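Scroll down for the structure; my scribbles are underneath it.
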Amino acid sequence: MTSTVRRAGAFAAVGTLAFAVPVAAGLASPAAATVAATAPFLAVAFFAMFAIGPDTPVFDVFARPGDYEDGRLYGLAAFALAAASLAFLAIRFDLPVWVFVGTVVIVAYGNFGQRVADRLHSDEVVATAGFVVTGFACGTVAAVVAARMGAGSVAPATALFLAGTGALVAALFRSVLFERDDPLVLLSVGLLLWLFFVLAADRGVGTTRVLVALAISAVLGYVAYALDTASLPGMLTGVLLSLLTIVLGGYGWFAMLITFFGLGGLSTKYQYEAKQDRGIAEENEGARGSGNVLANSIVALVAVLLWAASPSHIGVDPTLFLYAFAGAVAAAMTDTFSSEFGGLYDNPRLITTFERVEPGTDGGVTWQGIVAGLVGAAIIAGIAAATLEAVGPTGAALIVGCGFVGMTVDSVLGATVEGTVVGNQGVNALATLAAALTGVGAALAASLV
């Protein structure tokens with residue numbers, strides 16, 4: 001084995017110490033349980049920092065490149081301390097112990113799967129798939145085993161959902177961070193899975209929906225990779241958002257989101273060479289990165305999470321968040337269509353002064369682009385009306401209006417503050433936020449809740 005595979009295997013072995021926590025949780029004394037749960041990881045951290053010298057074989061097994069320069073196993077120590085912190089939360093607070101075990105196993109064993117896949121096929125996407133598949137499979141088994149060891153009960157659907165979500169979140173974070181940031185990845189995944197566990201429990205998620213969501217998300221990831229419509233982080237972000245939307249929202253919510261991802265990606269590819277000649281083409285052959293995907297989807301994601309949390313946790317009618325979601329997605333679609341199709345036409349005018357500007361100028365609009373944007377909003381509104389009982393003709397018209405508001409806000413911000421105060425991704429996020437708030441306000445005014 002290569003040193004990277006050997007090191008990943010050693011870290012996976014350390015991650016297996018997580019199974020000591022369910023045993024410790026059964027102790028009668030909270031203080032004794034806390035000590036027993038955290039002691040194995042604290043011991044590893046101590047030995048990594050003070051007892052394992054740079055000339056020992058164990059050091060070579062665990063050392064990352066930077067550790068050789070420092071002469072200490074900082075990477076191992078940080079990983080162990082992060083695990084100890086989550087173990088403390090599992091014993092003294094409400095973080096389910098089986099969620100803790102699943103989190104540690106997902107990150108540790110997922111990394112091992114990634115290194116093995118990379119050795120077998122040196123391709124970034126294949127290696128990341130190795131992380132996701134291994135982390136998902138091992139995390140699911142770990143959660144079930146930990147529960148049977150006395151760490152509470154876990155429904156199969158919940159174990160599958162959290163393992164899949166955790167594997168995708170960890171893979172996404174690892175794709176945009178450095179290897180030495182694995183402790184941050186571990187803590188972030190643990191805390192997010194804690195949140196998703198609470199929301200999934202409130203929604204009463206079934207096994208069938210989770211399996212369908214996992215299957216659809218896997219197909220979506222493959223199609224995005226095959227068509228090259230998104231970078232690796234962008235693909236992971238889209239797959240993660242799809243999984244969360246299906247499980248926590250529903251199929252109608254997902255239909256809107258996947259329509260934006262699919263048609264938005266294809267519109268970027270439409271007449272790409274002509275857009276390159278005009279200087280308005282997206283970079284990376286039109287493959288959208290995680291920042292672009294998140295900028296257009298973060299408001300919709302928050303709306304899904306708030307929908308899942310209402311009314312049990314926040315006391316707000318969940319229908320409001322439905323219109324926030326639909327409005328945000330409609331705005332993302334209108335902005336994408338208006339830019340990708342409208343940019344192919346001459347004589348755009350600046351939205352604030354109506355002066356003619358060069359194609360691609362921030363805030364420049366064409367009537368063709370406006371029409372294309374409204375068509376995009378109408379597509380989202382039609383899907384919402386066809387798949388969601390709460391959205392009738394009035395609601396569909398409201399969603400189209402949200403898309404128009406988002407498109408207008410995007411153009412105004414592009415003409416005034418883009419490039420000086422905020423970047424393009426910030427403008428996209430603000431435009432979808434404006435559309436979401438419009439949806440909430442209009443739904444209240446029209447008594448749609």
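Remarks
- Within segment 101-136, the only residue that satisfies the criterion of being without any contact (Cβ under 8 Å) to a residue 60 or more places away in the chain, over 23 Å from the mean Cα position of the chain (by Cα) and part of a helix (DSSP H, G or I) is Leu120.
- Scanning segment 329-361 for residues that are acidic (Asp, Glu) and surrounded by fewer than 18 Cβ atoms within 10 Å (Cβ to Cβ) gives Asp346, Glu355, Glu358.
- Counted residues, segment 113-144 - those being within 29 Å of Ala33 (Cβ to Cβ) and open to solvent by 60 Å² or more (accessible area, probe 1.4 Å): 1
- Just one of (1) closer than 30 Å to Leu344 by Cα; (2) among the hydrophobic types (A, V, I, L, M, F, W, C); (3) at pLDDT 90 or above fails for Leu186. It is (1).
- Filtered by the rule that a residue be open to solvent by 10 Å² or more (accessible area, probe 1.4 Å), hydrophobic (A, V, I, L, M, F, W, C) and in contact (Cβ under 8 Å) with a residue 40 or more places away in the chain, segment 43-83 gives Val61, Phe62, Ala78, Leu81.
- Only residues that are open to solvent by 30 Å² or more (accessible area, probe 1.4 Å) and β-branched (Val, Ile, Thr) were counted in segment 258-275, giving 1.
- Any hit, segment 309-328, residues being open to solvent by less than 40 Å² (accessible area, probe 1.4 Å), modelled with pLDDT under 85 and not acidic (Asp, Glu): no
- Of all positions in segment 93-109, none carries a residue that is of a type in the set (Val, Ile, Thr) and over 24 Å from Ala167 (Cα atoms).
- Condition check for Val219 on (1) touching a Leu at 6+ places or on another chain (Cβ under 9 Å); (2) over 27 Å from Ala108 (Cβ atoms); (3) modelled with pLDDT of 85 or more: one failure, at (1).
- Pairing each residue of segment 298-315 that is touching a residue at least 40 places away in the same chain (Cβ under 8 Å) with any residue that is open to solvent by 40 Å² or more (accessible area, probe 1.4 Å) and of a type in the set (Lys, Arg), provided the two are 6+ apart or on different chains, yields C-beta distances under 8 Å for Ala308/Arg203.
- Restricting attention to segment 399-416, the residues that are over 28 Å from the mean Cα position of the chain (by Cα) and open to solvent by less than 50 Å² (accessible area, probe 1.4 Å) add up to 1.
- Filter result for Val316 (within 25 Å of Gly262 (Cβ to Cβ) and in contact with a helix residue (DSSP H, G or I) (Cβ under 9 Å, 6 or more places away or on another chain)): no
- Looking across segment 373-394 at every residue that is without any contact (Cβ under 8 Å) to a residue 60 or more places away in the chain and crowded, with 24+ Cβ neighbours inside 10 Å, the one that is farthest from Lys275 (Cα to Cα) is identified as Ala381.
- Scoring Glu389 on the criteria (1) modelled with pLDDT under 95; (2) touching a helix residue (DSSP H, G or I) at 6+ places or on another chain (Cβ under 8 Å) leaves a single failure, condition (2).
The values are calculated or read from the model by the stated rules, or taken from the named source; none is laboratory data. Please read all numbers here as calculations on a predicted model, not as lab measurements. No Cβ is skipped: glycine too gets one built from the backbone with ideal geometry, and neighbour counts run over all protein chains shown. Just the protein is used for accessible areas: all its heavy atoms, side chains included, with ligands, DNA and RNA removed. Shrake-Rupley method; radii C 1.70, N 1.55, O 1.52, S 1.80 Å.
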